[in-house]
Amino acid sequence: MEISIVDQTMIRAGQTAGEALSETVELAQLADDAGFSRFWLTEHHNMPVIGSSTPEILIAKVAESTTRIRVGSGGIMFPNHSPLKVAECFRLLEALYPGRIDLGLGRAAGTDPYTAKILNPSNEFKEEDFPRKVDELQAFLADAAMT
């Protein structure tokens, strides 16, 4: 059985964001050394106790600090991002850490409606848009332009 970890980079009372981020990296290193399969990071916005608002940046730090474990998102909240932006970020991560990057997607904005609206003012994502955005993402990841 493969075992994975999903981490939110919780910022405890009295702790700095930097300390929480260091703990996330340390946890990933322990998971890597212990033989865990994957280490996934979440996307949450406007939540002072969660330090993982940009998992794609934290994925790079964790992948740089480990040697074999797969690192990824659990997940990128698709309403907040364009398919092209997600493809570009994860293609770059894959180029830097070949064979070690995972991309998980979410259908929700991952936060409250107010934060979702200020995060992406055009955020009128509807659940029925999800398959179309996944198709666009897959096309960009495969270097196929969509028309």
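Structure data summary
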| item | result |
| --- | --- |
| Spans of helices (runs of 4 or more DSSP H) in segment 52-125 with at least 3 residues in contact with a helix residue (DSSP H, G or I) (Cβ under 6 Å, 6 or more places away or on another chain), farther than 18 Å from Leu141 by Cβ and charged (D, E, K, R) | none |
| Matching residues, segment 37-51, being assigned to a loop (DSSP other than H, G, I, E, B) and over 13 Å from Gly106 (Cα atoms) | Ser37, His45, Asn46, Met47, Pro48, Val49, Gly51 |
| Residues satisfying the stated conditions in segment 68-85, i.e. at pLDDT below 95 and aliphatic (A, V, I, L, M) | Ile76, Met77, Leu84 |
| Residue within segment 69-89 that is over 16 Å from the mean Cα position of the chain (by Cα) and not hydroxyl-bearing (Ser, Thr, Tyr) present | no |
| Members of segment 72-88 found to be open to solvent by 30 Å² or more (accessible area, probe 1.4 Å) and either touching a residue at least 40 places away in the same chain (Cβ under 8 Å) or not polar (S, T, N, Q) (or both), listed by number | Gly74, His81, Leu84, Lys85, Glu88 |
| Among the candidates Ile5, Ile69, Ile101, Ile50, residue that is in contact with a Gly (Cβ under 8 Å, 6 or more places away or on another chain) and in contact (Cβ under 8 Å) with a residue 12 or more places away in the chain | Ile101 |
| Residues of segment 97-137 satisfying the condition of being among the β-branched types (Val, Ile, Thr) and either farther than 19 Å from Phe39 by Cβ or open to solvent by 60 Å² or more (accessible area, probe 1.4 Å) (or both) | Thr111, Thr115, Ile118, Val134 |
| Options Glu56, Glu64, Glu43, Glu94: the member that is loosely packed, with under 15 Cβ neighbours inside 10 Å and within 16 Å of the chain's Cα centre (by Cα) | Glu64 |
| Answer residue from segment 8-34, given it is touching a residue at least 12 places away in the same chain (Cβ under 8 Å), within 21 Å of Gly99 (Cβ to Cβ) and not β-branched (Val, Ile, Thr) and is most open to solvent (accessible area, probe 1.4 Å) among those | Gln29 |
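The values are calculated or read from the model by the stated rules, or taken from the named source; none is laboratory data. The structure displayed is predicted, hence computed values, not measured ones. Virtual Cβ from ideal backbone geometry, glycine too; neighbours counted across all protein chains shown. Ligands, DNA and RNA are stripped out before the accessible areas are found, and what is left, the full protein with its side chains, is counted by its heavy atoms. Shrake-Rupley method; radii C 1.70, N 1.55, O 1.52, S 1.80 Å.
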